[in-house]
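A short write-up of the structure that comes next.
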2 protein chains.
Amino acid sequence: VVAVPALAKEEALPEIQWRMASSFPKSLDTIYGAAETLSNRVSKLTQGKFQIRVFAGGELVPGLQVLDAVSQNTVQCGHTASYYYVGKNKAFAFDTALPFGLTARQQNAWFYFGGGLQLMRELFKGYGLINFPGGNTGTQMGGWFRKEIKNLADLKGLKMRIPGIGGEIMSKLGVVPQSLPGADVYPSLEKGTIDAAEWVGPYDDEKLGLYKVAKHYYYPGFWEGSANLSFIVNQKEWDKLPPLYQEAFEVAAAEANLIMLAEYDAKNPAALGRLLKGGAKLHPFPKDVMEAALKEANKLYNEEAAKNPAFNKIYASWKRFRNDEFQWFRVAEATYANFTFNNVK
Amino acid sequence: VVAVPALAKEEALPEIQWRMASSFPKSLDTIYGAAETLSNRVSKLTQGKFQIRVFAGGELVPGLQVLDAVSQNTVQCGHTASYYYVGKNKAFAFDTALPFGLTARQQNAWFYFGGGLQLMRELFKGYGLINFPGGNTGTQMGGWFRKEIKNLADLKGLKMRIPGIGGEIMSKLGVVPQSLPGADVYPSLEKGTIDAAEWVGPYDDEKLGLYKVAKHYYYPGFWEGSANLSFIVNQKEWDKLPPLYQEAFEVAAAEANLIMLAEYDAKNPAALGRLLKGGAKLHPFPKDVMEAALKEANKLYNEEAAKNPAFNKIYASWKRFRNDEFQWFRVAEATYANFTFNNVK
């Protein structure tokens, strides 16, 4: 009897069961795992009352249709890479990655303290969605090439698996970009149907085994200086949640954001070591490739800003923020990195 | 009546009030603020039942005695930099920073996926404590010098405010290290009682106004390639918490870890700009200074490992992890950073 008044003061916790459509296969375990991290934490923070069941890409809806499914409330929430939806609006890329864009730390600084999250939420709101940063891969690799690339001219006519804006930029450099799902990359490279393919970084790339059929491993993936993954929630479903469940979701997304990057950073070094032992040859992209790509990226951004008001608005904030970040990071952070990474043994 | 069985199934939420002793003054608002971030989130995740009131350094106990106070249960928890306690055991430095150590991302990778958190918890357990990573500053600056440092010889006899292991290394290079609280740094530099002083980075340094009395601003702070702050909790108090409150504390600490770094990364660029406009002159430390410091750091670590079993055990894990991280980060991450930071405008 004594306990009843105390309990009555607490907010009643309703049982809520959601489904989350991930865009990713379980084989991309670090990315897919971020959704599980969130789901587990939300459950524990709500005494098991708010359950979010995660489905891999294709189980509920195809990986590239997660935004539509959540927007239409076919499923309450999703975990996706917003740049999959640049066909709807190129401004979605600011949520994930743009060539020569922010590093992982800078992306978080922009989201949480540079107005970035608010700007992205204005865009998502138009689709009936609310978004939460939820994981990052760090700088990705530039991919696997069957032949060495000695200069810009060597890219001419190369068939490369590279989707999105990265592919657009590469096409300006003479590459013929291809869209292929992960499972088709190995056989296509082996047969020579394609000449090159980018995927993620050492840990995920190793699983595809591409070093066996295209040993030249280029860096950096200048189109993904970092890649943020986001949790997206149907706004109406979000609004129905008790505040406690909203708190739980939000803080669990922040944790997933932190943890996914830490996991990639921990797993990539050993994977790179194994790839090198397996015969992979590391090369930086030639300087003229990087410079030509930067020029084309800036051109593309200016053209898009001129015709797309949403892109224009976000680009103005993002570009100013990025350029300021770059000026600061080249001082303490990059100087420390360059000295230690090259001299400490 | 219908609601009672449903409520009865939930864990009863007791009202718990804790105090948290921060080691930091409110003027270090980004660091101090991480404790407020945690406190606010924990309150909201527990429907206001678990309240943690944060006290600035000196309010409950002096900033450098937070570990003792929490260990003795004078206060239930604290927010501190573990390297303040190297006098007890030098191994505490692995929780915060060591010269030529891990960057912020690498520190998290080590904590969460490299066995680092487990190793640190073994150390803290001996003091009746459990620790949670709770914020990072990123790479710090090397500090303010009244005169330009052109080579290693210029450090000879210099009186520099630099505490801890950084100070130990500097003393091997001929510097006379000084321990001074923040408030004494400006007048000491102005009078010439000291020749140089390190503090944090642009955002915090600006508030002390050191550029007015020592304009040469050196980078990087090689003794703090990153600096992790930790939440520490008295183990007995922790064990008394309901699992839900433990979950709330743990996830809120992870969020504070993410957010503090993002806040520094967002605030430092503009502060650096203002410092440069105010007359600060940026310089990298000369190469011979960096090389001599690295040599002395390695010597110190080997000497300590030979006589300190706790240090030896953690150093073995940390060193292997660090060196692997450095080999990977120099590939995609550093190459991307170096190109973009220097070429993107």
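Pairs B:K26/B:K299; A:K287/B:K172; A:K159/A:K277: which are spaced more than 29 Å apart, C-alpha to C-alpha? Exceeds cut-off: B:K26/B:K299; A:K287/B:K172. Computed from backbone phi with θ = phi - 60° and the Karplus coefficients 6.51, -1.76 and 1.60, the 3J(HN,Hα) list for the stretch B:51-56 is 9, 10, 9, 8, 10, 5 Hz; x is used for glycine and proline. Full extension of the chain segment joining A:R320 with A:H283 gains 10.2 nm, where the gain is 0.36 nm per residue of separation less the Cα-Cα distance.
Positive end of the dipole of the protein assembly as shown (Cβ unit charges, origin at the Cα centre): among B:I16, A:L180, B:T193, the Cα lying farthest that way belongs to B:T193. Pairs of Cα atoms nearer than 8 Å and 6+ residues apart set the relative contact order; for the stretch A:1-110 it is 27 percent. Label points for B:N298 are taken 7 Å from Cα along Cα→Cβ. From this copy to the others they lie 4.1 nm apart, shortest first. Overall, the stretch B:100-219 carries a charge dipole of about 140 debye about its Cα centre when +1 sits on the Cβ of Lys and Arg and -1 on the Cβ of Asp and Glu, all other atoms neutral. Taking amide H as placed 1.01 Å from N in the peptide plane, the amide H of A:L282 sits under 5 Å from that of A:Y217, each at least 5 places away or on another chain.
Ligands, DNA and RNA left out, the 1.4 Å accessible surface of chain B is 51% carbon and sulfur atoms. Amide H contacts of A:R19: A:R53, A:Q76, A:C77, each under 5 Å away and 5 or more positions distant or on a separate chain (H built 1.01 Å from N in the peptide plane; Pro and chain starts excluded). B:A197 sits among other residues whose Cβ lies under 15 Å from its own Cβ, and their net charge, with Lys and Arg +1 and Asp and Glu -1, is 0. Given 10 °C and 1.306 mPa s, compute D for the protein assembly as shown with the Stokes-Einstein relation, Rh being the Kirkwood radius over Cα pairs; round to the nearest whole µm²/s. Roughly 60 µm²/s, to the nearest whole number. A simple count of charges around A:T139, restricted to other residues whose Cβ falls under 13 Å of its Cβ and scoring Lys, Arg +1 and Asp, Glu -1, yields -1. Using only side-chain charges placed at the Cβ, +1 for Lys and Arg and -1 for Asp and Glu, the dipole size of chain A relative to its Cα centre rounds to 700 debye.
The other copies place their B:P284 label points at 1.3 nm from this one, listed shortest first, where each point is 7 Å from Cα along Cα→Cβ.
In order along the stretch A:111-122, phi translates into HN-Hα couplings of 4, 8, 10, x, x, x, 5, 4, 5, 5, 5, 4 Hz, rounded to whole numbers, per the Karplus curve 6.51 cos²θ - 1.76 cosθ + 1.60 with θ = phi - 60° and x for Gly and Pro. Relative contact order of chain B: 23 percent, from C-alpha pairs under 8 Å at least 6 residues apart in sequence. With contributions of -39500 (n - 2.57) from each DSSP H run of at least four residues, the per-residue ellipticity at 222 nm computed over chain B stands at -16000 deg cm²/dmol.
For A:G58, the point set 7 Å out from Cα toward Cβ sits 6.2 nm from its twins in the other copies, listed from shortest up. Here the Karplus curve 6.51 cos²θ - 1.76 cosθ + 1.60, taken at θ = phi - 60°, turns the phi angles of the stretch B:219-230 into couplings of 8, x, x, 5, 8, 9, x, 7, 9, 8, 9, 10 Hz, with x standing for Gly and Pro.
Mean per-residue shielding of peptide A:40-47 is 4, counting Cβ atoms of other chains within 10 Å of each Cβ.
The values are calculated or read from the model by the stated rules, or taken from the named source; none is laboratory data. Note that this is a predicted model, so its numbers are computed, not measured. Every residue, glycine among them, receives a Cβ derived from its backbone with ideal geometry; neighbour counts consider all protein chains shown. All accessible areas refer to the heavy atoms of the entire protein, side chains included, with ligands and DNA or RNA removed. Shrake-Rupley method; radii C 1.70, N 1.55, O 1.52, S 1.80 Å.
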